[in-house]
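Only one structure is covered here, and it is reproduced in the block below.
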Amino acid sequence: MLSKTYSVIFQKTFKTIDWKLLIFLLLFLNVKLVVKLAAIVFIYLLQFNFKFGFRLRNSRLPLFYLMVIVIGILNWLCTGGFNSFNYSIAFIFGIGFWLVSILVMHQIKLSIELNEPEVTHRTVLVFFILNAVVSLMVYLIIVFKTGAINPYLYQGDYQKYFISTGDYIKGVSFDTSTTNAVLNAFGVVYFLSRKNALMLIICMIVLLLTGSNITNLILCGTLLFLFIFQSDRDQKSLITICFLLGVIFLAKVSPQNNNYVNKSLATIFHINYETPATNKFLLPISKEPDSVLTIEEQKEKIAILYLDSLYNLRKEKQKKNVSETASFVIPSPDINSSPFQHKSIVTQVEDDMLQFIHSHSTELPIS
């Protein structure tokens, strides 16, 4: 009975989703420019509409995009950019990107206008679910490769992951992890306004997994502002949960990010910052002396050195096999041997000429 109820809810939910908008978002957010253009063609074939609705008052779309294009054209004319071919090409592409932005903005606005609010909300919900699934799958793949549940502390394999683990969490856009972080930061604010605790926590977790410190700082400032000025009791509780997740991530999951943030802030504000002596995560544990390591850390160091030594042996063996294969040369014949020498073949015409000269040697002394 319970499974039947969930099945009905599942079918009802997926019937009330704007699939055109969802597919468009997934394609347009892809890192490949060709895929973005294909997404625009796709959405305009299904929703052919060019009524942008630009007006000086109560404009349907923001006038910002038109103003940027006008400013760009005036700058191109006033600075004489038309005299430079390279500058003109850059100008055309720049204007093209702003025009594409108008096309995209128009279709998103149109989808919102044509759909019921709940349909749009469910579409956004499914988008963030798909993004979270892709991000968590990548994280599980990293866990499988490293054999460590927390790869943010895994220093083997020459620290391929460690503090850089978040760089691999790219989400559905397959762009940089920063793009994924920004998307989930918007998701946190969006689901906070919707009071959807589960999706807010999921977006916050994915955001933290990307390890984007700047995005985390900006989001913290935004949440702090909302906490003080624009939130009720339930939303304040959700914001508190977000802060707690951030503290847990920096303290237990990836403490090296905490030092990285402190060092970056110290550099920005020109403050002297010294790494705490008790923190051993800024340097590879394999380079730390045993005197400053605990028993467990010494065991970890031995394991890392052992794994790295096996890795080095395997690489050396591969190089040796490659060099042995490359040194095997098929013997070739000597170029000074007879097969490579010039062959003097006398043709019939040459033979007749030689006989003629020999018969008339008196008349042809030079020949």
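The values are calculated or read from the model by the stated rules, or taken from the named source; none is laboratory data. Computed from a prediction, not measured in an experiment: that's the story for all the values here. Please note: Cβ atoms are built from the backbone with ideal geometry, for glycine as well, and neighbour counts cover all protein chains shown. Please note that ligands, DNA and RNA were not included when accessible areas were found on the heavy atoms of the full protein model with its side chains. Shrake-Rupley method; radii C 1.70, N 1.55, O 1.52, S 1.80 Å.
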So Val134, is it part of a helix (DSSP H, G or I) and within 28 Å of Tyr311 (Cα to Cα):
no
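Does the stretch 145-167 contain at least one residue that is closer than 29 Å to Tyr306 by Cα, within 12 Å of the chain's Cα centre (by Cα), not in a loop (DSSP other than H, G, I, E, B) and not β-branched (Val, Ile, Thr)? Quick ask: steps written out before the conclusion?
As a first pass, look at the stretch 145-167 and keep what is closer than 29 Å to Tyr306 by Cα: 145-167.
Next, from what is left, pick out any that are within 12 Å of the chain's Cα centre (by Cα): 166-167.
From what's left, not in a loop (DSSP other than H, G, I, E, B): 166-167.
Now drop any that are not not β-branched (Val, Ile, Thr), which leaves 166-167.
The answer is yes; a qualifying residue exists.
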Limited to the stretch 187-234, what total is found for residues that are part of a helix (DSSP H, G or I) and open to solvent by 60 Å² or more (accessible area, probe 1.4 Å)?
14
Counted residues in the stretch 108-135 being open to solvent by less than 50 Å² (accessible area, probe 1.4 Å) and free of Cβ contacts under 8 Å to residues at least 12 places away in the same chain come to 0
Farther than 19 Å from Ile17 by Cα and open to solvent by 40 Å² or more (accessible area, probe 1.4 Å): is that true of Ile89 in this structure?
yes
Residue count for the stretch 272-315, restricted to those that are at pLDDT 70 or above, exposed (fewer than 10 other Cβ atoms within 10 Å of the Cβ) and of a type in the set (A, V, I, L, M):
1
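Can you tell me which residue among Ile73, Ile141, Ile92, Ile129 is over 29 Å from the mean Cα position of the chain (by Cα), outside any loop (DSSP other than H, G, I, E, B) and modelled with pLDDT of 90 or more?
On the way: Ile141 fails: over 29 Å from the mean Cα position of the chain (by Cα); Ile92 fails: over 29 Å from the mean Cα position of the chain (by Cα); Ile129 fails: over 29 Å from the mean Cα position of the chain (by Cα).
Only one candidate qualifies: Ile73.
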Assuming Gly81 fulfils every condition listed in (1) under 26 Å from Leu45 (Cβ atoms); (2) over 24 Å from the mean Cα position of the chain (by Cα) apart from one, which condition is it?
(1)
When Gly187 is run through (1) touching a helix residue (DSSP H, G or I) at 6+ places or on another chain (Cβ under 6 Å); (2) farther than 24 Å from Ala39 by Cβ, the failure sits at (2)
Among the numbered criteria (1) free of Cβ contacts under 8 Å to residues at least 40 places away in the same chain; (2) out of contact with any Pro (no Cβ under 7 Å at 6 or more places or on another chain), which one does Ile201 miss?
(1)
Check whether at least one residue in the stretch 95-106 is open to solvent by less than 60 Å² (accessible area, probe 1.4 Å), closer than 21 Å to Val182 by Cβ and either over 31 Å from the mean Cα position of the chain (by Cα) or among the β-branched types (Val, Ile, Thr) (or both), and report yes or no.
yes
